[in-house]
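Take a look at the structure set out below.
The values are calculated or read from the model by the stated rules, or taken from the named source; none is laboratory data. Since the structure is predicted, the reported quantities are computational estimates derived from the model, not experimental observations. Here Cβ is always computed from backbone atoms with ideal geometry, including for glycine, and neighbour counts include all displayed protein chains.
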Amino acid sequence: MKQSFLRKIRDSRLFWPLTAWIIILVFDAIVEPSFFKLGIMQDPVYGAHLYGNLIDIFNNGAPLMLAAIGMTLVIATGGVDLSVGAVIAISAAMGAVLINPALGNQLISNAILTKDATNTPLPIIILADLAAGTLCGLWNGILVSRARIQPMVATLILMVAGRGIAQLITNGQIMTIYYTPYYWFGNGYILGLPVSIYIVAVVLLFGWVLVRKTAIGLFIESVGINAKSTYYSGINEQNVKLLAYMFCGFCGAIAGLILSSYVHSADGNNNGLNYELDAILSVVMGGTLMTGGRFSLVASAIGAVVIWTFTVTVYSLGVPANALLAAKAVLVLLVILLYSDYTRRLMNRLFERRGPQHGTAN
Amino acid sequence: MTDTQNVVVMKGISKSFPGVVALENVDFVLRRGEIHALMGENGAGKSTLIKVLTGVEQPDKGTIELNGKLVQVRSPQHSQELGISTVYQEVNLCTNISVAENIMLGHEPHRLGSIDWRKMNELANKAINRLGINIDVSHPLGNYSVAIQQMVAITRALEVLSAKVLIFDEPTSSLDIHETNLLFDVMRKLKSEGIGIVFITHFLDQVYQVANRITVLRNGKLVGTFDAASLPRVELVAKMLGRSLTELDAISKVKSPEGEKKEKDHLVNVSGLGLKGSLEPVDLELYAHEILGIAGLLGSGRTEMAGLIFGIDSPDSGSLTVSGKKVGHFSPLESLKRGIALCPEDRKAEGVVGDLTIRENIILALQARYGWFKFMSRQKQDEIAEKYIKLLGIVTPSSDQLVKNLSGGNQQKVILARWLATNPKVLILDEPTRGIDVGAKTEIQKLVLELAEEGKSCVFISSEMDEVLRISDRIAVMRDRKKVAEYPGNVDGKTLIHTMAGES
């Protein structure tokens, strides 16, 4: 059977999230033509770079894109990771503490605390961040795959405890970061574009190679569709799940790094707040079923972009920040409606009614 | 013959799905008080016809008359209102509420605004007694066997929905012999009360046990409706297959009693292997070039034994020696590496990965052996998939079709292909022909014979005794979670049945 070109496009995993994105952008173009304005700005530290809403969407949306990329693998195995936000906070706290020049110092004065210097080499800080996040993922993975606790319950533990751990690390304080090289991740530019965009691209590429150039992607999908059959086929389904959660923790850690760098501080209570929910929404928008199975990392990343575009749009319309959640609820409702079987069938019928007439030409 | 004798008359039913014509101008007439078997290979159109009758699908063309009146069945619920009910092999009732509640759901007797429990139990009890069943209706449904659960479903259909037409869709697949006979008694009773019964099954025996008439479908077309009494078995099979009988005969020729075959390599030694509550210690030997048949009823321990040898569970007693090496660590992956393969009993839950493609399903086990990082190239995957699609005759337009869209027989072949791709020495087949059509069944039996010929050691587990007798070189009998006897392949069926049933 030959599939029509339209059908092929509609079957693509990127179709729906891209459609959603374009709808929002078209809306912006109509309501606020200045939305797409791009300019060049001179930054005293990072030189000339682009600025504008579109750049902001990608720069500010980068942590969510990372969280969504990690969440995709977990959801594809049929699980969910509610602790992503907490992992972001832990990672941010880890970075802030290690940067703090007062670390291990007996004599603490304000002069030391606010000095633009650190005693820990930057690569060590980054590694420690990533290690902390991956370890969190390992913990979740062990609870889910070995202790066989339901993913939602298992990751709920770290979701609650994680923010406590983050506060323990920073000794209960909101820690301000004064170390300029660290700011680069969230504020720097390469060739006029934010560094965070490049980080997302690298992680996306790494993730893609990890799942599509090895058998891991196939195994993850297989586990998500039918874990028992997968086990019967000789695949260690426990390790597949473990890996997915570790990858999710790893991505959360990078998100924490960028976020803390962007806001110059680590706040155990608020870093990455509600990110797990936005990440789940991004993944769902990317067409991965909550029950697991087929997934697309790129589609999830686009899902995250949609959410941020929506957020920026709402702000630029002048909706107050405290009404954002209500507006987001509308988005969630729309997404659920748009993705329902009913709508899809309706769409298919709409397209197909036109399709066959071309062929038969009676 | 008056028209009122017919309860359902379906005329000229056609239905196509994108790319497939599922039904083409099919007529079907169900009389009052008859058991009407609906037969055909997978993909013949049986289930589509039933879906049209029960309102799940709307026909593209054709009419349905119910009691002489033209009707349009709009939905499954509407069909129930019209008096058409279906009993499935997996009962769709709520196992956690009581039998009485299941029967009366939505029609509970009320007293003073609340449910009158005593009256409800009384009514339910009376209703189910009508079928000759005596159980405590206040117990949760889940406490009872599938057979009883089916009886509850039947009772509900009769009492609450006052069904005039009952459709039995593979009702006996998960029943043992006694339960099946019990069900047949009930079916005969209903027949005598004037209910029209449509009976769908893959068991030919059962068709001849209960059916009055047989309608055969093939490739979405009507082959004909026949009186069961005047249609010999072989002819029925021939009509279903639409091909000559020689192919079916070939199977008994392949395994003619040629006595002891060549020198047989001793491959596997099972010694006292057991697991508490699952399998009592079993001794067994497997040889190359040989088919070991395992005969036993449901729950006899045959599946548990297969699971232990393949490493689904770890045994707590005894030992397993494969190719001279004692097995230390039990897991499917280790078994795979040792050259043991298992086609599991529950094809849907343990076998296929429905939303993956045929290609992905076929390479799954081989890829598992290669590990995470030695990923087969797409080209190599395609080669392997194409090779086995051709070798096993899997019917599909391409290897990129989702496995869930295949018929049962083709799904089974995909699982076989998955394991053959790993080139195992020992192949354990747990009910490989269950629920698949006659044609595919024969093909799979033939394939197993060929594999043994090539030198593989095959373990063939089946509840169909004919099948076991026909292809096995040796037959082990299981009963009550232990192995009770072992016979040479030429043992007669009577002895086997007696051993299985535990009568001396």
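Number of residues in segment B:105-144 that are in a helix (DSSP H, G or I), without any contact (Cβ under 8 Å) to a residue 12 or more places away in the chain and within 29 Å of B:Glu170 (Cα to Cα) equals 3. Tallying residues that are modelled with pLDDT under 85 and part of a strand (DSSP E or B) within segment A:16-47 yields 2. Those helices (runs of 4 or more DSSP H) of segment B:169-262 in which 2 or more residues are modelled with pLDDT of 85 or more and of a type outside the set (A, V, I, L, M) occupy B:177-192, B:204-210.
Could we say that A:Tyr182 is crowded, with 22+ Cβ neighbours inside 10 Å, at pLDDT 90 or above and closer than 30 Å to A:Ile40 by Cβ here?
Answer is yes for this residue.
Being surrounded by 19 or more Cβ atoms within 10 Å (Cβ to Cβ), farther than 30 Å from B:Glu360 by Cα and touching a residue at least 12 places away in the same chain (Cβ under 8 Å) is a description that does not apply to A:Asn140. Of everything listed in (1) in a loop (DSSP other than H, G, I, E, B); (2) under 18 Å from the mean Cα position of the chain (by Cα); (3) within 14 Å of chain B (Cβ to nearest Cβ); (4) crowded, with 21+ Cβ neighbours inside 10 Å, the single unmet condition for A:Ile235 is (2). Looking for something touching a residue at least 12 places away in the same chain (Cβ under 8 Å), in contact with a strand residue (DSSP E or B) (Cβ under 8 Å, 6 or more places away or on another chain) and within 25 Å of A:Leu218 (Cβ to Cβ) - is there at least one such residue anywhere in segment B:453-465? No, segment B:453-465 contains no residue that is touching a residue at least 12 places away in the same chain (Cβ under 8 Å), in contact with a strand residue (DSSP E or B) (Cβ under 8 Å, 6 or more places away or on another chain) and within 25 Å of A:Leu218 (Cβ to Cβ).
Out of all the residues in segment B:145-153, is one or more in a loop (DSSP other than H, G, I, E, B), touching a strand residue (DSSP E or B) at 6+ places or on another chain (Cβ under 6 Å) and under 20 Å from B:Ser47 (Cα atoms)? No, that holds for no residue. Of all the criteria given as (1) crowded, with 19+ Cβ neighbours inside 10 Å; (2) over 20 Å from A:Ile197 (Cα atoms), the one not satisfied by A:Ala279 is (2). How about segment B:313-369: which of its residues are of a type in the set (Lys, Arg), surrounded by fewer than 21 Cβ atoms within 10 Å (Cβ to Cβ) and either under 26 Å from B:Asp265 (Cβ atoms) or modelled with pLDDT of 95 or more (or both)? Matches in segment B:313-369: B:Lys325, B:Lys326, B:Lys337, B:Arg338, B:Arg369. Can B:Arg359 be described as of a type in the set (D, E, K, R) and at the interface with chain A (Cβ under 9 Å from one of its Cβ atoms)? No; evaluated as a whole, the condition is false for this residue.
Per-residue answers, yes or no, for (1) within 9 Å of chain B (Cβ to nearest Cβ); (2) touching a helix residue (DSSP H, G or I) at 6+ places or on another chain (Cβ under 8 Å); (3) in a helix (DSSP H, G or I):
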| residue | (1), (2), (3) |
| --- | --- |
| A:Ile199 | no, yes, yes |
| A:Phe206 | no, no, yes |
| A:Leu210 | no, yes, yes |
| A:Ile220 | no, yes, yes |
| A:Gly224 | yes, yes, yes |
| A:Tyr231 | yes, yes, yes |
| A:Lys241 | no, yes, yes |
| A:Phe247 | no, yes, yes |
| A:Cys251 | no, yes, yes |
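The single condition among (1) in contact with a Ser or Thr (Cβ under 6 Å, 6 or more places away or on another chain); (2) in contact (Cβ under 8 Å) with a residue 12 or more places away in the chain; (3) within 14 Å of chain A (Cβ to nearest Cβ) that B:Glu350 does not satisfy is (2). Filtering segment B:88-104 to residues that are at pLDDT below 85 and part of a strand (DSSP E or B) leaves only B:Tyr88.
Determine which member of the set B:Ala485, B:Ala476 is touching a residue at least 40 places away in the same chain (Cβ under 8 Å), in a strand (DSSP E or B) and under 20 Å from B:Gly296 (Cα atoms).
B:Ala476
Does B:Pro76 satisfy the criteria of being of a type outside the set (Val, Ile, Thr), in contact with a Ser or Thr (Cβ under 7 Å, 6 or more places away or on another chain) and surrounded by fewer than 20 Cβ atoms within 10 Å (Cβ to Cβ)? Considered against the rule, which asks whether it is of a type outside the set (Val, Ile, Thr), in contact with a Ser or Thr (Cβ under 7 Å, 6 or more places away or on another chain) and surrounded by fewer than 20 Cβ atoms within 10 Å (Cβ to Cβ), B:Pro76 comes out as yes. Given the criteria in a strand (DSSP E or B), among the aliphatic types (A, V, I, L, M) and within 27 Å of the chain's Cα centre (by Cα), does B:Leu342 qualify? For B:Leu342, the condition - in a strand (DSSP E or B), among the aliphatic types (A, V, I, L, M) and within 27 Å of the chain's Cα centre (by Cα) - is met. Restricting B:Lys446, B:Lys425 to those that are surrounded by fewer than 18 Cβ atoms within 10 Å (Cβ to Cβ) and either within 16 Å of B:Ile291 (Cα to Cα) or under 22 Å from the mean Cα position of the chain (by Cα) (or both) reduces the list to B:Lys446. Of all residues in segment B:156-171, exactly one satisfies the criterion of being without any contact (Cβ under 8 Å) to a residue 60 or more places away in the chain and not hydrophobic (A, V, I, L, M, F, W, C), namely B:Glu159. Can you find a residue in segment B:396-405 that is part of a helix (DSSP H, G or I), crowded, with 18+ Cβ neighbours inside 10 Å, within 12 Å of chain A (Cβ to nearest Cβ) and not charged (D, E, K, R)? The answer is yes, given that some residue of segment B:396-405 is part of a helix (DSSP H, G or I), crowded, with 18+ Cβ neighbours inside 10 Å, within 12 Å of chain A (Cβ to nearest Cβ) and not charged (D, E, K, R).
Among the residues of segment B:362-385, just one is touching a Ser or Thr at 6+ places or on another chain (Cβ under 6 Å) and either more than 10 Å from chain A (Cβ to nearest Cβ) or closer than 18 Å to B:Ser407 by Cβ (or both), namely B:Ala385.
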